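What follows draws every value from the coordinates through simple rules; no lab data is involved. The model shown is predicted, which means the values in this text are computed figures rather than measured ones. Cβ sites come from the backbone with ideal geometry, for glycine too, and all protein chains shown count toward neighbours.
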Amino acid sequence: MATKALPELSAIDLFCGAGGLSLGLKSAGVHVAAGVDLDPACEYPFEKNIKAPFLLQDVSTLTGADLADLWPKGAKRLLAGCAPCQPFSSHRRGADTSEELGWGLLHHFSRIVAESKPDFVTMENVTRLKSMTVFSAFTAQLRAMDYAVDYETVFGPDFGLPQNRRRLVLVASRHGVVRVPLRAKRQAKHPTVRATIQNLPKLQNGEVDPTDPLHAARRLTPINLARMKASKPGGTWRDWPDELLAPCHRKESGASFQSFYGRMEWDAPSPTITTQSYNFGTGRFGHPEQDRSLTLRESAMLQGFPRSYRFNAPDSPPTKSSVGRLIGNAVPPAFGKAIGETFMDKLEHNIRTLS
């Protein structure tokens, strides 16, 4: 008996951002039907790089009926909902976030799943969400809708991401159990900062690469330039002479600021890329050897985007705050690829079982 053809798997990416998850899904052979986001800055990078329609819409107003015509007829349907993570972030530990937007976003994601009944569901978020009541309620709702649910904490370098990023990934299926991948299929060793960004043009403090406006070094103040020069790769502010110490370092609580104003190491993965990874003062975001902070292009590449990825239209000069937000909030494409391969493998397994 001939093996049946593998059905098309088509995804709609809620909270799509700049398209990191969709880029990974596409590289796994998943068709991306559309992306949805409330931020207008996401439209250009999503449509330019993903080549799929972008819907500028608040997910709280979105319905399953709105999505029905976006999925190709006959395709298996994947719904991704990587909601903004700020309400769940460990940076806000102790704050009362129960009434904030992020809590409602999971509710709306669950509602849209119930209304659209996709074959598969996935989400990615901060690891701390796993211990939250809102997450327990979300997974219970999925199971009540007859989804098999699995979730795990994943580590970026295990997927070829040159970044020490830990995230919570959930997968759910109406076609039998699917497991969260814990590493890439063909990952030999952990990638490094050196292997990722060393071939970019060298820049001085405040210099811009004339061929790439995203490869632009933020101009440091004289005191921060002196701090940068005194910093060692992988070191801390304790390497500095006393006259360079910031007020926060002189307090007893200064020990909690070890990674602020730090340099990355060449031969290790980078720290977690944030929305302000271009800012030397917000983390270990100093270049390993050049006396400057990371550029947006370097941050994007450490987040797993190819060097050719476009975040802004040619006639719209990039701003560090806007593009930095797109990069820092993105789902690394490496995670998206592994998730996509997992669902594609499940479809192939089911086809073989039925043949």
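Worth a mention:
- In this structure, the residue pairs whose Cα-Cα separation is over 27 Å, taken from Lys51/Lys117; Lys26/Lys189; Lys73/Lys185; Lys48/Lys130; Lys73/Lys130; Lys26/Lys117, are Lys73/Lys185; Lys48/Lys130; Lys73/Lys130.
- Electrostatic bookkeeping for Thr295 treats Lys and Arg as +1 and Asp and Glu as -1; over the other residues with beta carbon under 10 Å from its beta carbon, the sum is 0.
- Each Lys or Arg adds one and each Asp or Glu takes one away; over the other residues whose Cβ falls under 12 Å from the Cβ of Lys185, this sums to 0.
- Within the chain, longest stretch clear of exposed trypsin sites (Lys or Arg not before Pro) (DSSP loop, no more than 10 other Cβ within 10 Å): 190-355
- Of all lysines in the structure, the ones whose alpha carbon falls short of 24 Å from that of Lys229, not counting any fewer than 8 places away in one chain, are Lys202, Lys251, Lys320.
- Computed on the chain, with alpha-carbon pairs under 8 angstrom and 6+ residues apart, the relative contact order is 20 percent.
- Relative contact order of region 162-275, pairs being alpha-carbon contacts under 8 Å that are 6 or more residues apart, as %: 33
- Centre-to-centre, using Cα atoms only, region 274-325 and region 201-238 are separated by 12 Å.
- Gyration tensor (alpha-carbon) shape descriptor, region 193-328, a/c threshold 1.5: prolate
- Of all DSSP beta bridges confined to the chain, the antiparallel ones make up roughly 45%.
- Karplus-derived 3J(HN,Hα), 6.51/-1.76/1.60, for each residue of region 273-290, Hz, glycine and proline x: 6, 10, 5, 10, 6, 7, 9, 4, x, 9, x, 7, 10, x, 4, x, 9, 7
- Residue exposure sequence - Met228, Met132 - by fewest surrounding Cβ within 10 Å: Met132, Met228
- Region 251-353: GluC sites (Glu not before Pro) in DSSP coil with no more than 16 other Cβ atoms inside 10 Å: Glu289
- Taking region 197-355 and dividing mean pair separation by its residue count, relative contact order in percent (alpha carbons under 8 Å, at least six apart): 21
- In terms of surrounding Cβ atoms within a 10 Å radius of their Cβ, Leu161, Leu9 rank from fewest to most as Leu9, Leu161.
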